[in-house]
Amino acid sequence: MVSELGRILSPEQVLSGPGAQRAYDCDAYSVDRSKPMCIVLPESTEQVAAVVRWCAANLVPFTGRGAGTGLSGGALPALGGVVVSTKRMNQIVEIDIPNRCLKAQAGIANKRLSDAVKDQGLHFAPDPSSQSVSTLGGNIAENAGGPHTLKYGVTAQHILGVTMVDPEGEILELGGKVPGGPGFDFFSLIVGSEGTVGLVTEAWVKLTPLPTAVQTALIAFPTIRDATETVAEIIASGVIPAALEMMDRGILVALEAAFGLKYPEGTAALLLVECDSNLSAEPAGELVQREIETVAAICQAHNAIDISIAQDEAERQKLWHARKKGVGAMGRLAPSIVTHDGVIPRSKLPEMLDFVYEVAERHGVKVANLFHAGDGNLHPCFYFDDRDPKQVHAVIEAGEEIIRKCVSLGGSVTGEHGVGVEKQDLLPLMFTPDDLRLQAMAKQIFNQGNLCNPCKILPTEKSCVEHKKRWRGVAW
Amino acid sequence: MGIHVSQLTDLTTQCIRCGFCLESCPTFVLTGEETESPRGRIYLVRSAEEGQVQWQDAKPHLDKCLGCLACTTACPSGVKYGEILELARSKVGKSLPKKALLTGMTRPNLLRIQLKLGRLFPSKRIPALLSRLLSGQTPEVDKPQLPAKKSFPSLDESKLPPIRGEVFMLEGCAMRVLYPHVNEITRRMLRRVGFQVREIGQGCCGALHAHNGYLDEAKAMRSRLYSALSGDIPIIVNSAGCGSWLKDGDRSGWVFDASEFLLQEGLAEILAREGTGGLTRVTYHDACHLSHGQGIRSAPRELLKAIPGLELVELEESDMCCGSAGIYNIAQPKMARELLERKWKNIESTGATIVATGNPGCHAWIAQAAREHGQRVEVLHTLEVLERSFLRPRSTS
Ligand SMILES: Cc1cc2nc3c(=O)[nH]c(=O)nc-3n(C[C@H](O)[C@H](O)[C@H](O)COP(=O)(O)OP(=O)(O)OC[C@H]3O[C@@H](n4cnc5c(N)ncnc54)[C@H](O)[C@@H]3O)c2cc1C
Ligand code: SF4
Ligand code: SF4
């Protein structure tokens, strides 16, 4: 296999052996692990197509991988086979400023897109906290969101077209520089399909003007309830913040350890609220000022103990740095973390968070929360020692219980991290058997033979059950 | 299965696999390979330590690591990658040629002899044999040149402040052979801010040994050096790699990089007052062991900016390793060359006429690129640039 793939590409584009197999056996969700036979690093769409054709001809499963920051095991090679890494496809192909779009290869890190057009006052709006490393292809596959999703939408709303290689190895162009176009919208099936209907190699993305005015505030609350109740009320007031994020005590402790950040005494929760506008300068400033004042008033009514508003860009960046690196900083607290992802209606936040703490306590695991409160997108983050199988299982069970609760409150099993292998058995909570069959048929049409990222998203298929025993919860 | 406990396991479990370090790691940026990333290396070290893979499987990837510590700057989780690397390297087994090379480079007399011998051989690249032994690749490193003797006019006593203290100055194995004038300049700068160097015979600090996994030896060397430099006065270091290693030791509170000490003691004000113009566009390369190793980024820049009329142009990817990395450019010539070319492209595109840096390894390696590319940009130690500003006649305009 290695030598044949080495002939199709070049030998130094194929990695194999125990070291490489180990390194690619999981993503940032490290509870489940399964090693590939080998890894390929193609440099062009044609090379990806050649690899996929070889896999299809030889019935070898293959799994796409970007930066491997996925949090649900999407890039886990569940049946072994070939991992197709996009990390040597990281070029910007074309920038079209007048039409506010650019085309880039799938392996480029999200933030590099924004950096490339910063001087023109534009950016790529989807901003997952992992944006400094997670790739365009991975963002498309997971339909990634981020703090600014609340106002600007998720990845799907910012992708104009893709070049992809289907599971037979054929190159397809879907969508394009201009939105719309006749025919079925296959394209929206691709975004969010977690790499199960083909590999994206290039994409046209929409560029959004940077805001002309922005105000960012960090508000400290004495109780979790005060903070969560504030969230629903801000949205109800008609203000749509660009971002509305919440962090609890556990995160504050980690941030203090990581960056020496200090928070007012007695803080149980923080809200990070950003209001922005890209109207022409004057009215934008006033509008944003009015919005942040409304927000501040609501916070005060809910017992806020401290409201600090960033006075300049440097201060703003500092507030955001803490938010974006918050999960990373959790490593200061324990050897391993699992970040869960569920959605609930905003109004249920107070009830839901109480439940999260209660579940964690009952299972004897530690939890911290930092999440997109404005979207009702919860990220309970369990921290534990992955060398202890008991703790690993407690974490899996507590997580499942939380997700069940999300669904029972009228929410969803995942907001933005995808289903991957982590949550596939939870899908029946949301869908009837008929719904699931229909989805399976859609997947089948594009992925006959189930070689393209097998055993993902849909509840465990028969062929995966045995394999799953091998990797589920093996952690270490 | 019980919980595996060891120093290495404890250090590696700090990594939560978030991936934030990936795009800062030069070897990952160049190869796109997880095995050449900090996260991948940490995972492999932990796996080897706990018996999931063999140390031999981790070794090639540890060998390719530059030890530049860019990953520690990027990591929000506080993973002590430097310690992981040193411990892991001390476990994967030693290589004889590497040891011979280290010995050659850290004994100034031996190094001098090698340089002289080097001149007798026709080939351009000096450690050809060693490079092949270490890497099996074609060598890339030029024979280092023995420096031309430089002399400086004596300092104008009337302008000097009274002496207010004594310091030690680490002469550095590479520095004293390759760039002895930088040591002389360091003495002059210290004197300009009122400090005198207590001259003392000194050996190697062990930094190169430590960064290559000879941890016990390195620590013994550091202790020996510390006992030679006994007395509670500051130790001033002008080689980033040595400074970074010495700051890890018992006397860490007394060790200062020359740039941070001089800035702290008021050199910027003196430069602004007495320095002269004529140096126009200068750019600055962050030596890894200064920026990532010691967190020193602004001190050298502030000193340079204090020179009247000097425009400091920021270098793209200024804190990305140039590939020199101790003996990396000899052990891993291919990767080192790619990094050097990338660095050089960034340097040229600043339009600067001088690139300043604070480590002899980077200095020699980037200077080689300068020679190969037609000497359009001059490579200098940061302190050399400062010295020039004192030496130029003050312009009358
Ligand atoms: C600290 C941290 C913070 C995070 N914050 C957020 C957040 O705020 N919002 C959010 O949505 N997510 C977040 N994530 C999750 C993760 O970063 C996203 O899911 C991201 O989109 C994954 O990108 P990646 O390049 O790492 O993809 P990978 O993890 O490598 O792969 C993810 C999935 O995409 C598939 N895939 C990858 N490339 C391709 C391709 N070219 N074609 C087809 N399929 C492909 C893989 O098969 C896999 O199923 C966070 C993760 C971490 C570690
Ligand atoms: S940034 Fe730190 S915690 Fe995250 S993967 Fe890298 S080393 Fe591990
Ligand atoms: S020390 Fe440098 S080369 Fe080594 S893993 Fe860290 S960033 Fe990469």
Shape category assigned to segment A:213-328 from the gyration tensor of Cα positions, a/c cut at 1.5 = oblate
message = Could you tell me how far the Cα centroid of segment B:155-229 sits from the Cα centroid of segment A:247-301, in Å?
response = 49 Å
ask   = For the residue pair A:A442 and A:F259, what label-to-label distance in nm results when each label sits 7 Å from Cα along the Cα-to-beta-carbon direction?
value = 3.8 nm
ask   = Accessible area per residue, 1.4 Å probe, Å², for segment B:271-391: what's the number?
value = 32 Å²
request  = Give me the accessible area per residue for chain A, probe 1.4 Å, as a whole number in Å².
outcome  = 38 Å²
query = About its Cα centre, how strong a charge dipole does the protein assembly as shown have in debye, to the nearest 20, once Lys and Arg get +1 and Asp and Glu get -1 at the Cβ?
reply = 3620 debye
Nonlocal amide H pairs with A:A125, under 5 Å, H built at 1.01 Å = A:T208
ask   = So, in nm, how far is label B:A272 from label B:E184 when the simple model puts each one 7 Å beyond its Cα toward the Cβ?
value = 3.1 nm
inquiry  = Highest mean first, how do A:436-449, A:251-264, B:68-81 rank when packing is the count of other Cβ atoms within 10 Å averaged over residues?
reply    = B:68-81, A:251-264, A:436-449
query = Rounded to the nearest 20 Debye, what is the dipole magnitude of segment A:152-244 about its Cα centre when Lys and Arg each give +1 and Asp and Glu each give -1 at the C-beta?
reply = 400 debye
task = Between the alpha-carbon centers of segment A:390-466 and segment B:317-364, tell me the distance in whole angstrom.
result = 48 Å
message = Leaving out ligands, DNA and RNA, and with a 1.4 Å probe, what % of the accessible surface on segment A:92-209 is carbon or sulfur?
response = 55 percent
Average beta-carbon neighbours from other chains, 10 Å sphere, peptide A:77-89 = 1
request  = For chain B, give the magnitude of the charge dipole about the Cα centre (Cβ charges: +1 Lys/Arg, -1 Asp/Glu; no others), in debye to the nearest 20.
outcome  = 1280 debye
ask   = Taking the Cα atoms only, what angle lies between the long axis of helix A:249-259 and the longest principal axis of chain A, rounded to 10 degrees?
value = 80 degrees
message = Sort B:C18, A:C55 by heavy-atom solvent-accessible area, probe 1.4 angstrom, most to least.
response = B:C18, A:C55
query = How about chain A: what cysteines have no other cysteine beta carbon under 4.7 Å from their own?
reply = A:C26, A:C38, A:C55, A:C101, A:C275, A:C299, A:C381, A:C406, A:C452
query = In percent, how large is the relative contact order of chain B, given Cα pairs closer than 8 Å and 6 or more residues apart?
reply = 15 percent
ask   = Taking the alpha-carbon centroid of each part, what is the distance from segment A:41-113 to segment A:331-370 in angstrom?
value = 32 Å
ask   = Based on the Cβ-Cβ distance from A:K390 to B:K80, what FRET efficiency comes out when R0 is 30 Å, to the nearest 0.05?
value = 0.60
query = So what J values fall out for segment A:387-395 if you push phi through Karplus, 6.51 cos²θ - 1.76 cosθ + 1.60 with θ = phi - 60°, rounded to Hz, Gly and Pro as x?
reply = 7, 10, x, 4, 5, 4, 5, 4, 5
ask   = To the nearest 0.05, what FRET efficiency results for A:F186 and B:T280 with a Förster distance of 60 Å applied to their C-beta separation?
value = 0.55
ask   = Taking the Cα atoms only, what angle lies between the long axis of helix B:38-49 and the longest principal axis of chain B, rounded to 10 degrees?
value = 50 degrees
request  = Place a label point 7 angstrom from the Cα of B:R371 along the Cα-to-Cβ direction, then list the residues of segment B:150-189 whose backbone nitrogen is under 14 Å away.
outcome  = B:178-179
Interface B:A - total buried accessible surface [probe 1.4 Å, Å², rounded to 100] = 3200 Å²
key: Helical contribution to [θ] at 222 nm, DSSP H n ≥ 4, -39,500 (n - 2.57), averaged over the protein assembly as shown, rounded to 500   = -12500 deg cm²/dmol
remark   = Quick calc: nm separation of the 7 Å Cα→Cβ label points for B:Q196 and A:V178 -> 8.2 nm
query = Considering only B:A272, B:I307, B:N329, whose Cα is most displaced toward the positive end of the charge dipole of segment B:271-391, charges sitting on Cβ of Lys, Arg (+1) and Asp, Glu (-1)?
reply = B:N329
inquiry  = In segment B:271-391, if the dipole is taken from +1 on Lys/Arg beta carbons and -1 on Asp/Glu beta carbons about the Cα centre, which of B:T353, B:L340, B:G293 is farthest to the positive end?
reply    = B:L340
note = In whole angstrom, largest first, the equivalent ellipsoid semi-axes that the Cα gyration tensor gives for chain A are 37, 27, 20
message = Accessible area of segment A:352-402 with a 1.4 Å probe: how many percent of it is carbon plus sulfur?
response = 51 percent
request  = Positive end of the charge dipole of chain A (Lys, Arg +1 and Asp, Glu -1 on Cβ, about the Cα centre): tell me which of A:G176, A:Q311, A:A20 has its Cα farthest that way.
outcome  = A:A20
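The values are calculated or read from the model by the stated rules, or taken from the named source; none is laboratory data. For clarity, every value in this text was computed on a predicted model and none was experimentally measured. Glycine gets a Cβ as well: all are built from the backbone with ideal geometry, and neighbour counts include every protein chain shown. Protein only, heavy atoms only, side chains kept; ligands, DNA and RNA dropped before computing areas. Shrake-Rupley method; radii C 1.70, N 1.55, O 1.52, S 1.80 Å.
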